[in-house]
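Visitor: Take this structure first; my questions come after.
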């Protein structure tokens, strides 16, 4: 998705891989595994420093769990970078995954088709956090705190690049244009 919006994407596996980056996406996956690998490869402090220096950081699904200040479970250990509380697997098991059209205020008027897979949900919002989108029942699923953003859903699975372009603008790229066209070819479904 980043390449589709004109950005060079770099895999991060070690702290030295963070040195020249303008932004970081902590992806979805298994949050317990992410937590253990980030500790094992000593990425926690460098990622925290990156965020404190004003670099853009975005957590999607499991990445949201990692950015949270607190989670409802004892494991994994979140990085406590965003003032939110998160509940893991809030919607149930894999078979309970779903899709939902959302209004994400930062992206303009067009709705965003979000894909939720064993998704977390935000259960507490701190003062510095702005809710970008919520489910129809009011539960927040996309938030921003300064240069950091977190989403419960998997934006890489859609054909809509707006949220990626928005993140690129947070990382110092071109200003976000909500009227820019969607990507023509669908992503994984």
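We did not get these values from a lab; they are worked out from the coordinates using the rules stated. All of these numbers come straight from a predicted model, not from anything done at the bench.
Visitor: If I build a Gaussian network model for the chain, linking alpha-carbon pairs within less than 10 angstrom, which residue out of 28, 126, 59 has the largest mean-square fluctuation?
Guide: 126
Visitor: Which value in deg cm²/dmol, rounded to the nearest 500, describes the helix-derived mean residue ellipticity at 222 nm for the chain, given -39,500 (n - 2.57) per DSSP H run of n ≥ 4 and division by the residue count?
Guide: Value at 222 nm, helices only, nearest 500: -5000 deg cm²/dmol.
Visitor: Right, next: Kindly identify segment 9-93 as rounded, prolate or oblate by the Cα gyration tensor criterion: order the square roots of the eigenvalues as a ≥ b ≥ c, call it rounded if a/c is under 1.5, otherwise compare a/b with b/c, prolate if a/b is larger, else oblate. Before the final figure, lay out the partial values.
Guide: Values: a/c = 1.82, a/b = 1.63, b/c = 1.12.
In terms of gyration-tensor shape, prolate.
Visitor: Say we join alpha carbon atoms closer than 10 Å with springs in a Gaussian network model of the chain; which of 106, 150, 175 then has the biggest fluctuation?
Guide: Between 106, 150, 175, it is 175 that shows the largest mean-square fluctuation.
Visitor: Something else about it: What percent antiparallel are the DSSP beta bridges of segment 3-170, to the nearest 5?
Guide: 60 percent
Visitor: Hey, another quick one. For residue 14 and residue 70, compute 0.36 nm times the residue count separating them, minus their Cα-Cα distance, and round to one decimal in nm.
Guide: 17.7 nm
Visitor: Relative contact order for segment 3-118: what is it in percent, counting Cα pairs under 8 Å that are at least 6 residues apart?
Guide: Relative CO of segment 3-118 lands at 19 percent.
Visitor: Report D for the chain in µm² per second (integer): Stokes-Einstein, Kirkwood Rh on Cα pairs, 20 °C, 1.002 mPa s.
Guide: Stokes-Einstein gives a translational diffusion coefficient of 129 µm²/s.
Visitor: Dividing the alpha-carbon Rg of segment 93-189 by 2.2 N^0.38 Å yields what?
Guide: With N residues counted in segment 93-189, Rg over 2.2 N^0.38 Å equals 1.07.
Visitor: Looking at the chain as a GNM with Cα springs under 10 Å, which of 105, 16, 55 has the largest mean-square fluctuation?
Guide: 16
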